[in-house]
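Chemist: Next up is a structure, given as structure tokens.
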Amino acid sequence: MYYYQPIYRKPPETTRGKSEIKVTGEGRISIQPDTAQVLIGVESEHTELRTAQSENAQKISDITKVLKAIGILAENIQTDNFTIFPMYDFVDGKQVFRGYRVDHMLQVTVLDIDKVGLVVDTAVEHGANRVSNISFQILNSSNLYQRALTIAVEDALQKAKTIANAFNLTLIPTPKSVVEERRFLETPIPLQKTQMVLSASTEIQPGKEDIEAVVTAVFSTTTM
């Protein structure tokens with residue numbers, strides 16, 4: 001003989017009087033960049049390759065010396081690009097050799113932002129005829145980002161408090177979770193690009209950059 005024995009399952013527990021609030025907090029710090037990188041170089045042309053190279057090398061040497069004299073460290077001056085091009089003209093549909101062009105570009109890192117204009121002017125006065133890709137950076141952005149992140153967390157907490165008060169809820173200030181949604185990634189800020197420099201007296205305005213942090217936080221609440 002078989003007996004049927006019913007099986008009882010405990011119903012799922014429900015939490016009464018509790019809810020969650022999900023908010024996004026933002027933090028932003030505006031600051032002027034403190035470091036610049038400039039590409040400075042010399043373009044030389046001559047019918048003889050050796051002459052073009054010699055003239056170019058002399059001007060690059062002069063530029064390097066004067067940049068060191070105004071406080072740029074040797075390790076902050078390095079060759080970015082060096083190229084030699086044969087040049088041709090087309091006469092009556094025929095390719096006619098015209099000479100050689102030698103380009104030598106230096107990447108100059110300027111740690112004193114106020115000297116950027118001086119660096120450009122000094123280089124131009126001593127033979128530079130190319131300046132390109134002036135860009136600005138924040139040297140130590142990590143600490144500033146941590147400050148922005150703190151502001152973002154505080155912003156999330158204040159938003160959660162406001163929402164809880166609006167619905168007559170008691171907020172538990174310690175969040176259940178906090179997720180860093182977006183962080184500042186340091187990238188150079190391009191200022192200007194010029195191919196040839198014909199005159200000096202350059203005024204550089206770096207402006208300001210925003211360092212931002214965004215978090216998503218979940219808070220628990222109870223009814224008052």
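Chemist: Using a 1.4 Å probe and ignoring any ligands, DNA or RNA, find the accessible area of TYR88 and quote it in Å² to the nearest 10.
Modeler: Only protein atoms counted, so the area is about 100 Å².
Chemist: Right, here's the next one. Diagonalise the Cα gyration tensor of region 26-123 and give the resulting equivalent ellipsoid semi-axes, square root of 5 times each eigenvalue, largest first, whole Å.
Modeler: Those come to 36, 18, 9 Å.
Chemist: Leaving out ligands, DNA and RNA but keeping every protein chain, what accessible area does ILE29 have, in Å² rounded to the nearest 10, with a 1.4 Å probe?
Modeler: Here the accessible area works out near 20 Å².
Chemist: Express the accessible area of region 27-117 per residue in Å², computed with a 1.4 Å probe while the remaining protein chains stay in the model. All intermediate terms of the calculation are to be shown ahead of the outcome.
Modeler: Numbers: 5070 Å² over 91 residues.
Accessible surface, normalised per residue, equals 56 Å².
Chemist: Please give the FRET efficiency for LEU139 paired with SER61, using the beta carbon to beta carbon distance and R0 = 22 Å, rounded to the nearest 0.05.
Modeler: The value I calculate is 0.15.
Chemist: Rank LEU73, LEU67 by accessible area, highest first, at a 1.4 Å probe radius?
Modeler: So, going from the largest accessible area down, we get LEU73, LEU67.
Chemist: Report the gain in length on full extension from GLU48 to THR174: 0.36 nm times residue separation, minus Cα-Cα distance, nm rounded to one decimal.
Modeler: Residue separation times 0.36 nm, minus the Cα-Cα distance, leaves 37.9 nm.
Chemist: Leaving out ligands, DNA and RNA, what percent of the accessible area of region 28-68 is carbon and sulfur, probe 1.4 Å?
Modeler: 43 percent
The values are calculated or read from the model by the stated rules, or taken from the named source; none is laboratory data. Fair warning: this is a prediction, and the values are worked out from it, not measured in the lab. Virtual Cβ from ideal backbone geometry, glycine too; neighbours counted across all protein chains shown. SASA here: full protein model, heavy atoms, side chains in, ligands and nucleic acids out. Shrake-Rupley method; radii C 1.70, N 1.55, O 1.52, S 1.80 Å.
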